[in-house]
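Novice: Sharing a structure here in structure tokens format.
The values are calculated or read from the model by the stated rules, or taken from the named source; none is laboratory data. These numbers were taken from a predicted model, which means no experiment stands behind them. Here the Cβ positions follow ideal geometry from the backbone for every residue, glycine too, while neighbour counts run over all protein chains shown. When the accessible area is computed, the model is the full protein with side chains, heavy atoms only, and any ligands, DNA or RNA have been set aside. Shrake-Rupley method; radii C 1.70, N 1.55, O 1.52, S 1.80 Å.
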Amino acid sequence: MNASELRDINEWMIGGARSAPTPPQMMAECCERLVRAGLPLWRVGVFVRTLHPEIYGRNFLWKPGAEVELGTVDHDIQNAPEFIASPLSTVFKQGLEVRARLDDPASARFPIIEDLRAEGVTDYIALPLINTDGFVNASSWTTKQPGGFTEEQLRALRSIAVPLARYIEIVTLRRTASLLLDTYVGNRAGERILGGQIRRGHADTMNAAIWLSDLRGFTALSDRLPAETIVEILNLYFDCQVAAIREHGGEVLKFMGDGLLAVFPVDEYVSDEAQVCSRVLEAARESRASVEALQFSHREAVERFRFGIALHVGRVLYGNIGGGDRLDFTCIGPAVNLAARLEKIAGRLGRTVVASEGFAGICSGGWSDLGEFPIAGFAKAERVYGLADEASRAAPG
């Protein structure tokens, strides 16, 4: 083994593996350099747990001469028998290394060993990758070398695990921050926050289509159903909108009880207002169909739901607002206030989708003129439009 090359690999990882800008590239370069240094590696895996509501972890698998394979697993894997019986489960739970030589009968307790034997593997070792706070990720290393890894090679692998853990911790922390910001404040807001837009009052103006929706009869629903059931209903209800909003280029900024605020930014340099508003309307139609199809069984009753969406387009102030060191990244302005007022009008008319004159004028076709309405806090009445394929009906009490 080349001790000098091993030291260079350690220093390279400690320095941030700058020649490999992405984790898959880092893993490929690291494994290839280890092989050149004399480590007879066959299959190498790195398994990184994530702080994500849907994803338990990500895995990176390397084999000689192949692209690094990427994968994700959901939280259900923790209860899967094959995971519980795997060496990685021991690594994650106890932070201990696990070695399984294929000529050792005791290794048969791990079901994965038979799969490795079929590949011609002779030795397997799973090493913990321990963060500075004690949080454990894992790596696995295999070889086809007759007799398995030597003690010198195992020492080399253990030495590599330390800088590898530091690299993974740094990359994961940044990725986790990005994912959490995306989950809780939205992608565009998250990018701005990570980019340094964190001071109170730090805000920009932008032109955007505005979506403000509300579940009809929510107060009465909350009064007669348990709180846990209401949370489940709200999650299903928001699912009906969020997927459509994101698919059509929007960003959900806020959940306010049963209300939802989203924006669809307009690129003023390419004059795409009509295109953006058309996507917003398509998202509204998809959400309407999803909510109409939504049913929730509780005891012997089946709950059905109605909601309302107000659509408007205008300039908003987009940035940090709050008190002291508690900030919220949101949007405000007369355009947002008007959308909120329009949503109340939609409720009074029993309409699902209403739009301002500005929005309907840009996204023409398929609208019915519902008349002019005084708007609280605004000097002028606003002409309101509803979808032509939808008749007004009395709003639920």
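Novice: Among the residues of region 253-268, which ones are of a type in the set (Asp, Glu) and closer than 14 Å to ILE309 by Cα?
Specialist: To start, the set of residues in region 253-268 that are of a type in the set (Asp, Glu) comprises 258, 267-268.
Answer for region 253-268, where residues must be of a type in the set (Asp, Glu) and closer than 14 Å to ILE309 by Cα: just ASP258.
Novice: Among the listed residues THR90, THR50, THR72, THR22, identify the single one that is without any contact (Cβ under 8 Å) to a residue 12 or more places away in the chain and of a type in the set (Val, Ile, Thr).
Specialist: On the way: THR90 fails: without any contact (Cβ under 8 Å) to a residue 12 or more places away in the chain; THR50 fails: without any contact (Cβ under 8 Å) to a residue 12 or more places away in the chain; THR72 fails: without any contact (Cβ under 8 Å) to a residue 12 or more places away in the chain.
After ruling out the rest, the residue left standing is THR22.
Novice: Right, something else. Residue check: is SER364 of a type in the set (Gly, Ala, Ser), modelled with pLDDT of 95 or more and either surrounded by 14 or more Cβ atoms within 10 Å (Cβ to Cβ) or within 35 Å of the chain's Cα centre (by Cα) (or both)?
Specialist: Details: of a type in the set (Gly, Ala, Ser): yes; modelled with pLDDT of 95 or more: no; either surrounded by 14 or more Cβ atoms within 10 Å (Cβ to Cβ) or within 35 Å of the chain's Cα centre (by Cα) (or both): yes.
No; evaluated as a whole, the condition is false for this residue.
Novice: Can you tell me how many residues in region 18-61 are polar (S, T, N, Q), surrounded by 14 or more Cβ atoms within 10 Å (Cβ to Cβ) and assigned to a loop (DSSP other than H, G, I, E, B)?
Specialist: We begin by selecting, within region 18-61, every residue polar (S, T, N, Q); these are 19, 22, 25, 50, 59.
Going one step further and asking which of them are surrounded by 14 or more Cβ atoms within 10 Å (Cβ to Cβ), we end up with 50, 59.
Filter once more, so that each one left must be assigned to a loop (DSSP other than H, G, I, E, B): 50.
Looking only at that region, the number is 1.
Novice: Name the one entry in PHE329, PHE373 that is among the aromatic types (Phe, Trp, Tyr), within 29 Å of ALA274 (Cβ to Cβ) and crowded, with 19+ Cβ neighbours inside 10 Å. Step through it out loud before you land on a result.
Specialist: On the way: PHE373 fails: crowded, with 19+ Cβ neighbours inside 10 Å.
After applying the criteria, what remains is PHE329.
Novice: Just wondering, is there one or more residues in region 365-379 that are of a type outside the set (S, T, N, Q) and closer than 24 Å to LEU234 by Cα? Break it down into steps so the answer makes sense when it comes.
Specialist: Step one: of region 365-379, the residues of a type outside the set (S, T, N, Q) are 365-367, 369-379.
Then keep just the ones that are closer than 24 Å to LEU234 by Cα; that gives none.
The answer is no; no qualifying residue exists.
Novice: While we're on this one: Filter region 76-96 down to the residues that are farther than 20 Å from LEU129 by Cβ, surrounded by 12 or more Cβ atoms within 10 Å (Cβ to Cβ) and not small (Gly, Ala, Ser) and list them by number. Show your work before the answer.
Specialist: Initial filter on region 76-96 (farther than 20 Å from LEU129 by Cβ): 76, 79-82, 84-85.
When the remaining residues are screened for being surrounded by 12 or more Cβ atoms within 10 Å (Cβ to Cβ), the result is 80, 84-85.
Once the filter is applied, which keeps residues that are farther than 20 Å from LEU129 by Cβ, surrounded by 12 or more Cβ atoms within 10 Å (Cβ to Cβ) and not small (Gly, Ala, Ser), region 76-96 yields only ILE84.
Novice: Could you give me the residue pairs with C-beta distances under 7 Å whose first residue belongs to region 356-380 and is more than 16 Å from GLU390 (Cβ to Cβ), whose second residue is part of a loop (DSSP other than H, G, I, E, B) wherever it lies, and which are 6+ apart or on separate chains?
Specialist: Pairs that qualify, where the first residue is more than 16 Å from GLU390 (Cβ to Cβ) and the partner is part of a loop (DSSP other than H, G, I, E, B), are GLU372/ALA381; PHE373/ALA381; PRO374/ALA381; ILE375/ALA381.
Novice: Can you find a residue in region 302-312 that is open to solvent by 10 Å² or more (accessible area, probe 1.4 Å), modelled with pLDDT of 95 or more and part of a strand (DSSP E or B)?
Specialist: Checked region 302-312: at least one residue is open to solvent by 10 Å² or more (accessible area, probe 1.4 Å), modelled with pLDDT of 95 or more and part of a strand (DSSP E or B).
Novice: From the list GLU292, GLU268, exactly one residue is modelled with pLDDT under 90 and of a type in the set (Asp, Glu). Which is it? Write out each step before concluding.
Specialist: On the way: GLU292 fails: modelled with pLDDT under 90.
The conditions single out GLU268.
Novice: From the list LEU253, LEU215, which one is touching a strand residue (DSSP E or B) at 6+ places or on another chain (Cβ under 6 Å) and farther than 25 Å from TRP367 by Cβ? Even if it seems obvious, please write down each step before you answer.
Specialist: Values: LEU215 fails: farther than 25 Å from TRP367 by Cβ.
Matching residue, one of LEU253, LEU215: LEU253.
Novice: Considering THR122, THR72, which residue is hydroxyl-bearing (Ser, Thr, Tyr), touching a Ser or Thr at 6+ places or on another chain (Cβ under 9 Å) and open to solvent by 50 Å² or more (accessible area, probe 1.4 Å)?
Specialist: Numbers: THR122 fails: open to solvent by 50 Å² or more (accessible area, probe 1.4 Å).
Sole residue among the options that is hydroxyl-bearing (Ser, Thr, Tyr), touching a Ser or Thr at 6+ places or on another chain (Cβ under 9 Å) and open to solvent by 50 Å² or more (accessible area, probe 1.4 Å): THR72.
Novice: Another question, if that's okay. Of all residues in region 319-353 being within 30 Å of the chain's Cα centre (by Cα) and among the β-branched types (Val, Ile, Thr), which is modelled with the lowest pLDDT?
Specialist: The qualifying residue modelled with the lowest pLDDT is ILE321.
Novice: Being touching a Ser or Thr at 6+ places or on another chain (Cβ under 6 Å), farther than 30 Å from VAL242 by Cβ and modelled with pLDDT of 95 or more: is that true of LEU154 here?
Specialist: Values: touching a Ser or Thr at 6+ places or on another chain (Cβ under 6 Å): no; farther than 30 Å from VAL242 by Cβ: yes; modelled with pLDDT of 95 or more: yes.
In short, no.
Novice: Any chance you could count how many residues in region 128-143 are in contact with a Gly (Cβ under 7 Å, 6 or more places away or on another chain) and either farther than 10 Å from VAL48 by Cβ or outside any strand (DSSP E or B) (or both)? Lay out the reasoning, then the answer.
Specialist: Kept after step one, since they are in contact with a Gly (Cβ under 7 Å, 6 or more places away or on another chain), are these residues of region 128-143: 128, 130, 136, 139-140.
If we keep only those that are either farther than 10 Å from VAL48 by Cβ or outside any strand (DSSP E or B) (or both) as well, we get 128, 130, 136, 140.
The number of residues fulfilling the criteria is 4.
Novice: Another question, if that's okay. Looking at region 268-275, can you tell me whether even one residue there is in contact (Cβ under 8 Å) with a residue 60 or more places away in the chain, under 27 Å from the mean Cα position of the chain (by Cα) and over 21 Å from ILE233 (Cβ atoms)?
Specialist: no
Novice: Considering only region 315-351, state which residues are outside any strand (DSSP E or B) and of a type in the set (S, T, N, Q). Reasoning before the result, please.
Specialist: So in region 315-351, the residues outside any strand (DSSP E or B) come out as 324-325, 333-351.
Within region 315-351, just ASN337 meets the criteria.
Novice: Looking only at region 232-267, count every residue that is open to solvent by 70 Å² or more (accessible area, probe 1.4 Å), free of Cβ contacts under 8 Å to residues at least 60 places away in the same chain and either assigned to a helix (DSSP H, G or I) or aliphatic (A, V, I, L, M) (or both) and tell me the total.
Specialist: The qualifying residues number 5.
Novice: Another question, if that's okay. So which residues in region 268-295 are open to solvent by less than 20 Å² (accessible area, probe 1.4 Å) and touching a helix residue (DSSP H, G or I) at 6+ places or on another chain (Cβ under 6 Å), if there are any at all?
Specialist: Taking region 268-295 and keeping what is open to solvent by less than 20 Å² (accessible area, probe 1.4 Å), we get 276-277, 280-281, 283-284, 287, 291.
Selection gives CYS277, ALA283, SER287, VAL291.
Novice: So for region 368-377 (the condition being assigned to a strand (DSSP E or B), farther than 29 Å from LEU225 by Cβ and among the acidic types (Asp, Glu)), does at least one residue qualify? Steps first, please.
Specialist: Going residue by residue through region 368-377, those that are assigned to a strand (DSSP E or B) are 368-373.
Now restrict to residues that are farther than 29 Å from LEU225 by Cβ: 368-373.
Next, only the ones that are among the acidic types (Asp, Glu) stay: 369, 372.
So far as region 368-377 goes, yes, one or more of its residues are assigned to a strand (DSSP E or B), farther than 29 Å from LEU225 by Cβ and among the acidic types (Asp, Glu).
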